[in-house]
Amino acid sequence: MTIRQINGSVGAGGVNEPDDVFTVQALLNHVDAASGGPVSPLEVDGLVGPLTISAINSFQVKQFNFQDGLVEPGRLTFSALRGFFRAPDEFGEDLFAGPGAPAIHRFVCRDTRLQGTKPAGDSVLEVDANTPLAFFILTGGDTALHNADPVRLKLMAHGAPGHVQVCKEGLGLDNLASLSVLRDRFRAGVDLFSCSVAFIAPGKGDGNVFCSRMAQTLNTSVRASTATQFYTLHTAGSGLDFGQWEGTVLTYGPKGDVINVEHEPKF
């Protein structure tokens, strides 16, 4: 992750990957103005514009009394930015961690167009291109309704920015409202293991808008990546294995805001 300012733009030796810029913008928004953060929150859009460049330079001047417009993993500016990150007290599975806390029931839905063996989970539903989305909604809702433990949905399917290829219809901005009947059912959160589903793109393919609205629709946390995902087709005794996420992974809170930013965490 490198943002390099050369003549006011990203230049030679710099990487202008939107998911990397996304991370830097999100981290800068956690810095208060007195410590060199932006006076007004940056738009987290994955684009290196003048406001993002200015915010990087202002942070460096305030923190180190110099500016070079560089943000690199493991180096001074990025490490300092991470120090300002404030994760919420409760989100995702952490909400139910600790002694005496209820167990989490993991409901896995895998679209079989995603190759591999059946994944592990407390409840596993496999669907394909002929399965109506309504069947997933009915089964997921019934699983959550009849389970005493908080349920976490792990949705495994091919994806694209703002789209999950699950069931016949798929999931996108145009049909997210159909999930409203599942509101409050997945209290332990949702993982979207689909390629680039949180990636920012114009129009209906905006992954940021898609994930934000899904979190609001379900009234829970939604976790997704901006990058292409890789996985092992089978693992002895546990089936399809995703190992860890690739790229920048974002967690959206029930209000639709980004509440956590991670780099290649374990799935």
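For this structure, a couple of remarks:
- Amide H contacts of Val124: Val108, each under 5 Å away and 5 or more positions distant or on a separate chain (H built 1.01 Å from N in the peptide plane; Pro and chain starts excluded).
- Net charge of neighbours whose Cβ lies under 14 Å from the Cβ of Asn147, counting Lys and Arg as +1 and Asp and Glu as -1: 0
- Set Lys204/Lys255; Lys118/Lys255; Lys118/Lys168; Lys154/Lys255 screened for pairs whose C-alpha atoms are more than 25 Å apart: Lys118/Lys255
- The calculated FRET efficiency for the pair Ala177 and Ala148, based on their C-beta separation and a Förster distance of 30 Å, comes to about 0.55.
- Backbone HN-Hα couplings from phi across region 202-213 [Karplus 6.51/-1.76/1.60, Hz, Gly and Pro as x]: x, x, 5, x, 7, x, 4, 5, 4, 5, 4, 6
- Prolate/oblate/rounded call for region 106-146, Cα gyration tensor, a/c under 1.5 rounded: oblate
- Gain in span if fully extended, Asp32 to Phe135, counting 0.36 nm per residue against the direct Cα distance: 32.4 nm
- Heavy-atom SASA rank of Phe22, Phe84 (probe 1.4 Å, accessible area, largest first): Phe84, Phe22
- Region 151-212: C-alpha gyration tensor shape, a/c 1.5 cut-off, then a/b vs b/c: prolate
- Sequence of Lys204, Lys118 when ordered by accessible area, the most exposed leading, probe 1.4 angstrom: Lys204, Lys118
- Between Asn260 and Thr251, the built amide H atoms are under 5 Å apart, and every one of these is 5 or more places off in sequence or on another chain.
- The H on the amide N of His105, modeled in the peptide plane, is under 5 Å from the matching H of Val151, Arg152, each at least 5 residues off or on a different chain.
- Peptides ranked, highest mean first, by Cβ atoms within 10 Å: ranges 49-58, 31-40: 49-58, 31-40
- ³J(HN,Hα), Karplus 6.51/-1.76/1.60, whole Hz, each residue of region 58-67, x for Gly, Pro: 4, 4, 5, 4, 5, 7, 10, 6, 7, 8
The values are calculated or read from the model by the stated rules, or taken from the named source; none is laboratory data. Just so we're clear, the structure is a prediction, and the values are computed from it rather than from any experiment. Here Cβ is always computed from backbone atoms with ideal geometry, including for glycine, and neighbour counts include all displayed protein chains. Surface accessibility is based on the protein's heavy atoms, side chains included, excluding ligands, DNA and RNA. Shrake-Rupley method; radii C 1.70, N 1.55, O 1.52, S 1.80 Å.
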